[in-house]
Ligand SMILES: O=C(O)CCC(=O)C(=O)O
């Protein structure tokens, strides 16, 4: 069928979309959990009027100032000019379209980072194993990442290669680690709308049509140029199935906790029950989750039958 789109446009008509078993939260579910929905400012630029826009939502104050400083501290010595994936499937080629710096951090680079990854995964309702390593990004004045898609087009050769392990990047969680004096928001190009970079806020957007691993063209977005100050942020890209880095981080954390517990009697395990009315939960957008005391508690709950935190969506 001819949709009148440019030949290389990654629009996939409904009959050619590839379904995914991953259940992503709906716009209503994010809103019920305290998310602010971002809608298109202008329908005229949608790729296809029959398709709903990709789900885009923000959650404020998910990360504290200390959380943000910790991620920047871990990343700072490792930053270098960011690359883009090339058509032959290799990463790391420099591009004039992406002028910022970046680095990758394993989820368990520090206990706090691991806990932050669990917190964000809780908002998404997805297991952290499915997330790639944390990609930290830094922009100084004039730097930007021009419009692009985070997901791959699984129908072309490059997309097939990139999705062979873990599937597609079905959802992005972008955490803003600093405010920006001027500029530096995230622009959704086809939706003609912009999200401001604010420290502690998490921007979540679906990269594929709901229920599918086929790229949603209207998820294209840009890191808009920083005009004053600088910008730190980090990406978590969730795939359809576990990624080696995410799975290894979880396994290391579980071993860390099981080692001392192996010496203790069964009764020494903490109860995994709802703690209600005892101040603010770290998982502030997940009211039904147990209150988290440090980064060990949710993992203990996960390891116990009937524990409070489950891998959802599979
Ligand atoms: O910096 C931003 O606001 C967007 C970053 C982004 O799109 C990316 O790193 O893939």
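The values are calculated or read from the model by the stated rules, or taken from the named source; none is laboratory data. For clarity, every value in this text was computed on a predicted model and none was experimentally measured. We place every Cβ from the backbone using ideal geometry, glycine too, and count neighbours over all the protein chains shown.
Restricted to the range 175-185, and to residues that are part of a loop (DSSP other than H, G, I, E, B) and surrounded by fewer than 18 Cβ atoms within 10 Å (Cβ to Cβ), which residue is nearest to the ligand (Cβ to nearest atom)?
179
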For the range 62-74, indicate whether the set of residues that are more than 17 Å from the chain's Cα centre (by Cα), modelled with pLDDT under 95 and not in a helix (DSSP H, G or I) is non-empty. no
Residues that are surrounded by fewer than 23 Cβ atoms within 10 Å (Cβ to Cβ) and part of a loop (DSSP other than H, G, I, E, B), drawn from the range 101-126: 106, 108, 109, 110, 125
Number of positions in the range 216-230 that are part of a loop (DSSP other than H, G, I, E, B) and modelled with pLDDT of 95 or more: 4
On the basis of being farther than 23 Å from residue 26 by Cβ, within 15 Å of the ligand (Cβ to nearest atom) and not in a loop (DSSP other than H, G, I, E, B), does residue 137 make the cut? yes
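Residue-by-condition table, conditions (1) in contact with a helix residue (DSSP H, G or I) (Cβ under 6 Å, 6 or more places away or on another chain); (2) at pLDDT 95 or above; (3) part of a loop (DSSP other than H, G, I, E, B):
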{"site": "152", "(1), (2), (3)": "yes, no, yes"}
{"site": "155", "(1), (2), (3)": "no, no, yes"}
{"site": "165", "(1), (2), (3)": "no, no, yes"}
{"site": "173", "(1), (2), (3)": "yes, yes, no"}
{"site": "187", "(1), (2), (3)": "no, yes, no"}
{"site": "197", "(1), (2), (3)": "no, yes, yes"}
{"site": "203", "(1), (2), (3)": "no, yes, no"}
{"site": "237", "(1), (2), (3)": "no, yes, no"}
Checked against (1) away from the ligand (no atom under 11 Å from the Cβ); (2) surrounded by 19 or more Cβ atoms within 10 Å (Cβ to Cβ); (3) farther than 21 Å from residue 238 by Cα, residue 152 satisfies every condition except (3)
